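Novice: Structure provided below as structure tokens; questions to follow.
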Amino acid sequence: MEEETTLRAVNSHLYPGSVVSVDGEVERLAERPRPLLFDDDSQSAAQLVEDDVLWVAAYMTTAGTPVPEKLWLVAVEGSALRLRRRLPGDV
């Protein structure tokens with residue numbers, strides 16, 4: 001049975017400079033959306049849609065703050081992704 005590749009954020013929101021750890025192989029993030037778990041126990045989904053572009057689905061923090069879906073320019077750093085900047089435009 002295949003082990004699920006999961007992303008983990010150390011906050012309830014993503015922002016430039018955030019590091020998202022990847023439990024599993026970073027390359028598998030391009031296959032399909034994977035679970036993205038936040039420090040406040042909220043959850044979303046994320047997928048690499050290009051080698052350096054991460055799509056993050058809309059979610060709600062456990063405090064009730066809605067967060068719209070976003071695209072992020074990222075840098076792969078070993079088994080983690082560093083968010084460089086949010087990409088403009090509608091997803």
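Novice: Placing +1 at every Lys and Arg Cβ and -1 at every Asp and Glu Cβ, with all other atoms neutral, what dipole size does the chain have around its Cα centre, in debye to the nearest 20?
Specialist: 420 debye
Novice: How would region 1-57 be classified by its alpha-carbon gyration tensor: rounded, prolate or oblate, with rounded meaning a/c under 1.5 and the a/b versus b/c comparison settling the rest?
Specialist: Verdict is oblate for region 1-57.
Novice: Identify, among Val53, Gly78, Val22, the residue whose Cα sits farthest towards the positive end of the charge dipole of region 22-91, taking +1 on the Cβ of Lys and Arg and -1 on the Cβ of Asp and Glu, with the dipole about the Cα centre.
Specialist: Val53
Novice: Taking 0.36 nm per residue of separation and subtracting the Cα-Cα distance, what length does fully extending Glu25 through Glu50 add?
Specialist: 7.4 nm
Every read-out reported here was derived from the displayed coordinates using simple, explicitly stated rules and does not represent laboratory data. What you are looking at is a predicted structure, and each value in this text was computed from that prediction instead of being measured. We place every Cβ from the backbone using ideal geometry, glycine too, and count neighbours over all the protein chains shown.
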